[in-house]
Amino acid sequence: DMVNEKLNIAINHYLSDTCCLDIDNTPGTMKIFKYLGLDFEEIKLSTMSWSGSERGYKSLFHEPKVPTEWFKMRTPTINSVFELRCGKHSDKKLDAEAACCDTVPPSHLWDTKVTYAFLTEPRYKKDLPNLPDKLLEVWQNQDYFKTRFAELLS
């Protein structure tokens, strides 16, 4: 009841051992997922997912038990296609990255003030699935996949 224009709530990935798939560009992500053999809708429905805009959604998973670094897929014309974020990474340049949080409903998008809404039922942490294997592979081979995805989206 304290969420308002100036105060949101978030999941801290470091403290909760979770990770987030944050899709910011649905057409680009759908193209990449098809290339990977992943079902865009199935991933969204497989876990707790929420959205604050038509451009994409966020989905929550258990954090992988392997080293991961912040992954942000972008192109010269798309600032963010999708991101894989966790709490245990080494790049602590920015406060937002150091905190490594994702706002959740009923919070507001920082830029548009649109309220986030759940796309699926909220889940307890113990009921979250693991990140799909193909996305974990992307996360662990970032340079390779960023090159492949950039070619795919060009």
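The values are calculated or read from the model by the stated rules, or taken from the named source; none is laboratory data. Bear in mind that the values here come from a model prediction, so they are computed numbers and not experimental data. Note: ideal-geometry Cβ built from the backbone for every residue, glycine included; neighbour counts use all protein chains shown. Just the protein is used for accessible areas: all its heavy atoms, side chains included, with ligands, DNA and RNA removed. Shrake-Rupley method; radii C 1.70, N 1.55, O 1.52, S 1.80 Å.
Would you compute, from DSSP H runs of 4+ residues alone, the mean residue ellipticity of the chain at 222 nm, taking -39500 (n - 2.57) per run and dividing by the full residue count, rounded to the nearest 500?
Working: 6 runs with 46 residues, N = 154.
Rounded to the nearest 500, the figure is -8000 deg cm²/dmol.
Could you tell me which GluC sites (Glu not before Pro) in region 1-92 are loop residues by DSSP with no more than 16 other beta carbons within 10 angstrom of their beta carbon?
Numbers: sites: E5, E41, E42, E54, E69, E83; in loops: E5, E54, E69.
Those that pass, being in a loop and sparsely packed, are E5, E54, E69.
Please state the charge dipole magnitude for the chain, taken about the Cα centre, from unit charges on C-beta atoms (+1 on K and R, -1 on D and E), reported in debye and rounded to the nearest 20.
Values: 20 positive and 23 negative charges, 35 e Å.
Around 160 debye, computed over the chain.
Loop only by DSSP, 14 or fewer other Cβ within 10 Å of the Cβ. Give me the chymotrypsin sites (Phe, Trp or Tyr not before Pro) in region 108-154 that pass, ordered by residue number.
Within region 108-154, the qualifying chymotrypsin sites (Phe, Trp or Tyr not before Pro) (loop, at most 14 other Cβ atoms within 10 Å) are W110, Y124.
On the Cα set of the chain, report Rg and Dmax in Å, please.
Cα radius of gyration and Dmax of the chain are 14.9, 46 Å respectively.
Just to confirm, what accessible area per residue do you get for region 2-91 at 1.4 Å probe, in whole Å²?
Accessible area per residue, region 2-91: 49 Å².
Ignoring ligands, DNA and RNA, what percent of the 1.4 Å accessible area of the chain is carbon and sulfur?
55
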